Structure formats: structure tokens, C-alpha cells
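Since every read-out is calculated from the coordinates, none of them should be taken as a lab result. The shown structure was predicted, so the numbers you read here are calculated from the model rather than taken from an experiment. Cβ coordinates were reconstructed from backbone atoms using ideal geometry, including for glycine residues, and neighbour counts include every protein chain displayed.
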């Protein structure tokens, strides 16, 4: 038996219960991992509230780092004692130990702190697919990042800036504007005080941006479309304010716009794709330069709440 956080009904944080769960031995192609650090992401809230659907009961969490404690029959390439990380599927990281398919984990270098790796895996790989796969940001591009001081937003600002793009970001306060600026945002917009569509139009001299990265959803979606340049890309990857209203295909026609709603798991469907995306973090020094990503809070994984990084 191991301890885990169980959700048996949808709702607020109070529906997360601290319980004993039975854990079987790993089968063929599986490993057993003792978690040492568990990441907390907004997608966990979506599932807990029922915005995203999952059969009840379930163990939340889609990101963790841990030590391999057992391997399934005939498995090669993984051994007891290996330190590994995973993000995405399967859900269930809010637990002391878990069974995982061996092909969903990546090795964690000895020099990397477990908390740092657990906090970065999902957000870092999400940022990678956004700036390198959904739309390939290059020097000379202008990008708009909503929630620019958030977990993924801060990485997008840094990454796009490093690639030579001009970065515009929306934030809710002066403090977050300062944080976004530190992370590489050239033009922070405090959306609580100014209309971000008008501000983007002014900053770009009416040309618009090449791509919008929108994790907010309902409150920003229509405005984001207005901010795009001709043949611009609308990348909607979250909905913290609610599901966006339906968009008519004809709304994209005036500027020949592109619209995509990416999910990380669809860009890491094979182990080779997973290694490529995770390797993208190494290439951009996100694994080794912990200064680019701050861990704001950590909590012990004990009765009352999961470890969050």
C-alpha cells in the first residue's frame, strides 16, 4: 500500500482525499517509480473541476521525478536506481509510488535537482512544442504571449526572445509586468488598465503579430484574432478563463489566419518524439540553467496536499 491523493467527486481542493491505494508490481513494459518530486500544473485543476473529463475516482497529477524501484519482466533500457522524469500521460502522479510505461519517462542527469526537473518537464516541453512545432519562431517575428508572467508564459518570453523575436506580453499587474520584462518580454501590457488589442496595434504600427500564444481562452480569444497579422497563427493552448466561444471559419478568411489547439501529448506520441521534445530543453539550456525558471513554492507530500514545484 502507498499513500496517494484521490479525487472521488468534482469540486475545489477539498475534494482531494489522502488515502491508501494498492500498487501492483510492474508488468511487461512497465516500471515502478518512487516519486521524489511532483509537479503541479493548471491542467490538474481542470480535471479536478471537471473542465476536462476523467472517470471517477482518479489520482490527479501529470508530472513527476522519481527513482525506479522495480522493472517489468524482460524490460531493458531501465534499471532499479535510475532517476527518471515524466510529464503528460498517464495521469496519477499525486502518489508516493506509481506504475508507469517505461516509454513515457526520460532520464534525469545527476546534476539536476529533482524539484527543478519536476517543475519544468510539462511547462518546458509545452513551451518547446509551442515555439518550435506549432509555430516555428524565428528572428524578426513578433509574438504575443498571454499570461506572460505565468509558468509557461515566462518560458515562452525567454525562449522567443532568445530566438530573436520581439515579445509582447499581457499581465494583470505592475509586479507581473516587471517579472515578464525580466524574462525577456519587450512590451508588457497590463490588460487590467489598457486594451491589449489597441496596445498591440500601436506597438506593431498596425501590422499585427505573427503568432499569439493564448492560454487564457474565453476572455482573450476574439481579441487575440484581431491582433494577428495576415497569415498569422492563433495558438490556443489553454482556457483559464473558460472555453472560448465558437469561431466561424469565415472569421479566419479576412487575413488567411491559421488556428490550432495543441495538446502536448499529441506531440509526444512516440518515445522518439518524447526524447526529441525533452532534448529541446537541454539544447536551450533549460535543464542546466535553473535561473530561467523559479520555483515559487514547495510542499511536503503528506496529509493535506501534494508536493508542488
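Results, tabulated for the structure shown:
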item	result
Paramagnetic label zone (point 7 Å from Cα along Cα-to-C-beta, residue 194; backbone N under 16 Å) in segment 214-231	227
Length added when fully stretched, residue 174-residue 258, from 0.36 nm per residue minus Cα-Cα	27.0 nm
Between helix 271-283 and the chain: long-axis angle, C-alpha atoms, 0 to 90°, nearest 10	60 degrees
Residues in segment 159-173 reached by a label modelled at residue 138 [backbone nitrogen below 19 Å; 7 Å Cα→Cβ]	159-167
Two-decimal Rg/Rh across segment 1-107, once Rg and the Kirkwood Rh are taken from alpha-carbon atoms	0.98
Efficiency of FRET between residue 79 and residue 1 - r from beta-carbon atoms, R0 25 angstrom, step 0.05	0.50
Relative contact order (%) - segment 126-263, alpha-carbon pairs under 8 angstrom, separation at least six	20 percent
P(r), alpha carbons of segment 81-162 - 5 Å bins starting at zero, rounded %	3, 13, 21, 20, 16, 13, 9, 4, 1, 0
Helix-only mean residue ellipticity at 222 nm for the chain, each DSSP H run of n ≥ 4 adding -39500 (n - 2.57), per residue, nearest 500	-7000 deg cm²/dmol
Sorted largest first, extent of the chain alpha carbons per principal axis (Å)	61, 40, 37
Protection proxy ranking of 10-17, 166-173, 255-262, 103-110 - average other beta-carbon atoms within 10 Å, highest first	166-173, 103-110, 255-262, 10-17
Cα-based helix-to-principal-axis angle, 114-129 vs the chain, degrees rounded to 10	40 degrees
Taking only Cα atoms of segment 136-236, radius of gyration then Dmax in Å	11.8, 34
Theoretical FRET efficiency, 1/(1+(r/R0)^6), r = Cβ-Cβ of residue 20 and residue 89, R0 25 Å, to 0.05	0.55
Relative exposure of 63, 22, 175, 276, judged by other C-beta atoms within 10 Å (fewest first)	22, 175, 276, 63
For segment 108-161 versus segment 32-97, the gap between their alpha-carbon centres in whole angstrom	21 Å
Of all DSSP beta bridges in the chain, antiparallel share, percent nearest 5	60 percent
Stretchable slack from residue 230 to residue 205, in nm (0.36 nm times residue separation minus alpha-carbon distance)	7.6 nm
Chain lengthening between residue 299 and residue 9 when straightened (0.36 nm per residue, less Cα-Cα)	102.1 nm
Order by protection proxy (mean Cβ within 10 Å, highest first), peptides 65-74, 84-93, 51-60, 146-155	146-155, 84-93, 65-74, 51-60
